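Structure first, commentary second.
The values are calculated or read from the model by the stated rules, or taken from the named source; none is laboratory data. All figures in this text were calculated on a predicted structure; none of them were measured in a lab. Every residue, glycine among them, receives a Cβ derived from its backbone with ideal geometry; neighbour counts consider all protein chains shown.
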Amino acid sequence: MKIIILGANQVGSTLAETLANEENDITVVDTDAEQLRELKDHIDISTIHGHPSHPDILEQAGGPDADMIIAVTESDEINMVACRVAYSMFQTPKKICRIRSTSYLVSDGLFSKKHGIAVDVVISPELIVSKAIGRLLALPGSLQVLDFAEGKVQLVAVKAFYGGPLVGQEIRLIRQHMPSVDTRVAAIFRKDRPIIPEGSTVIEAGDEVFFVAAKENIRACMAELRRMDKPYKRLIIAGGGNIGMRLAESIEDKYQVKLIEKDMERCAFLSETLEKTIVLNGEASQQDFLIEENIEDTDVFLALTNDDEANIMSSLLAKRLGAKKVMAMINNPAYVDLVQGGEIDIAISPQQATIGSLLAHVRRADVVNVHSLRRGAAEAMEAIAHGDHTSSKVVGKAIQDIDLPEGTTIGAIVRGDEVLIAHDNTVVESDDHVILFLVNRKTIPQVERLFQVGFSFF
């Protein structure tokens, strides 16, 4: 697939690297020549130095032949104009546009092809990240929570602790522990190394366990691996930017929320916008201020400013002063692995969350959901099976007979409203939503080919 990526920033660069490794023809356009040079030095891609929305630059980048344009520059306006130019000049089949400002998201008609900007898919990082944090808050003790099949199925990552009923035992015993609940352990990461789980695999304390189950069974599964945390009540959000505001808006009916913002004008705006959230003007990295706001009684402290270093320092301080859980938003991917799991309980990467949403629209075959796991090391995918036993490599076959690449497991199948946890003898039918877990992202092209329908189907 020929793909033009506009913007060599963190999202654009990570996306270029991911897609180039998956046998795509990638061209990246940016005004920063140095950034492009660095990118080209370690990835096999083409680069064009110039303004991403200019027609001549888009033509130079291969606009007439492009299958897709992904506009992820820091400017909403440049992204939108580039998509419109690509459609008007080259009739580019698919145009994906990153929009950060909520003002542009109020009207669907704005992005229509006939009278609007001609964008096929709008990606809002702020919305994606605030939803991801909302899911983590709903399941205390989880490290990552992902929705599939419109929320019918969830994939959850938890750290196994001493005292969990299944810790120190083989996975096959899970049925004895929970005879009425069906679940599947999709993968285990032990000391940052992936383990493909088998019946005889023993879960050890400290393992990061990914399991898949119907949404209503998730809490019961978590209780097998660790002592359940009490539901969260009191939250403090540091940073009243778009993400902080969106999150507060979405959760203020469920929790007692305080939001700290240092800019006085922004505080006034937030106070008018938010109904139940207490908005405080101050610095989240000041010890006296946090003590004054009863940080020791806080269940979760969330550092969501645009400054990585400020988020890390304020989170460390909050934890030392008694906050039970701390989460920090980290934009620099090099920092994420450094901080997570120590004093900081969860490091949230907006890039990884955004890239997952982008990849769902790039995959071949009928892929409806993609989530990046383990900071991009692994991937969870939801693909729809089409065809019949003659035209498809998966339809009509039991899971044990499907030629899955090494490191790939099928966790669950959603058939209409029914959730089927995958077992060896489970047979895939046409229109099934199949949830897969891939510990090796190099196998993605093979998985895509499995779910592509042969010509005999048409």
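Residues that are among the aliphatic types (A, V, I, L, M) and either part of a helix (DSSP H, G or I) or over 26 Å from the mean Cα position of the chain (by Cα) (or both) within region 1-57 comprise 11, 15, 16, 19, 20, 33, 36, 39, 48, 57, listed in sequence order. Scan region 65-116 for residues that are under 22 Å from residue 129 (Cβ atoms) and buried (at least 21 other Cβ atoms within 10 Å of the Cβ) and the total you get is 11. Of the set (1) surrounded by fewer than 18 Cβ atoms within 10 Å (Cβ to Cβ); (2) not aromatic (Phe, Trp, Tyr); (3) not in a loop (DSSP other than H, G, I, E, B), all apply to residue 342 but (3).
Condition first: surrounded by 20 or more Cβ atoms within 10 Å (Cβ to Cβ) and acidic (Asp, Glu). Now tell me which residues in region 117-155 satisfy that. Once the filter is applied, which keeps residues that are surrounded by 20 or more Cβ atoms within 10 Å (Cβ to Cβ) and acidic (Asp, Glu), region 117-155 yields only 126.
For region 187-211, residues that are within 23 Å of residue 379 (Cβ to Cβ) and not in a loop (DSSP other than H, G, I, E, B) total 11. Selection over region 197-212 of residues that are touching a residue at least 40 places away in the same chain (Cβ under 8 Å), over 15 Å from residue 423 (Cα atoms) and out of contact with any helix residue (DSSP H, G or I) (no Cβ under 7 Å at 6 or more places or on another chain) gives a count of 6. One residue stands out among those in region 218-254 that are touching an Asp or Glu at 6+ places or on another chain (Cβ under 7 Å) and part of a helix (DSSP H, G or I): the one that is modelled with the lowest pLDDT, which is 242. Quick one: would you say residue 184 is surrounded by 14 or more Cβ atoms within 10 Å (Cβ to Cβ), in a strand (DSSP E or B), of a type in the set (Lys, Arg) and in contact (Cβ under 8 Å) with a residue 60 or more places away in the chain? So residue 184 passes the test.
The residue that is nearest to residue 369 (Cα to Cα), among those in region 139-148 that are within 15 Å of the chain's Cα centre (by Cα) and not hydroxyl-bearing (Ser, Thr, Tyr), is 148. When region 340-370 is filtered for residues that are hydrophobic (A, V, I, L, M, F, W, C), over 16 Å from the mean Cα position of the chain (by Cα) and at pLDDT 80 or above, only 344 remains. Checked against (1) of a type in the set (A, V, I, L, M); (2) surrounded by fewer than 20 Cβ atoms within 10 Å (Cβ to Cβ); (3) in contact (Cβ under 8 Å) with a residue 60 or more places away in the chain, residue 274 passes all but a single condition, namely (3). Exactly one residue out of 283, 379 is of a type outside the set (A, V, I, L, M, F, W, C), outside any loop (DSSP other than H, G, I, E, B) and either without any contact (Cβ under 8 Å) to a residue 40 or more places away in the chain or buried (at least 20 other Cβ atoms within 10 Å of the Cβ) (or both): that is 379.
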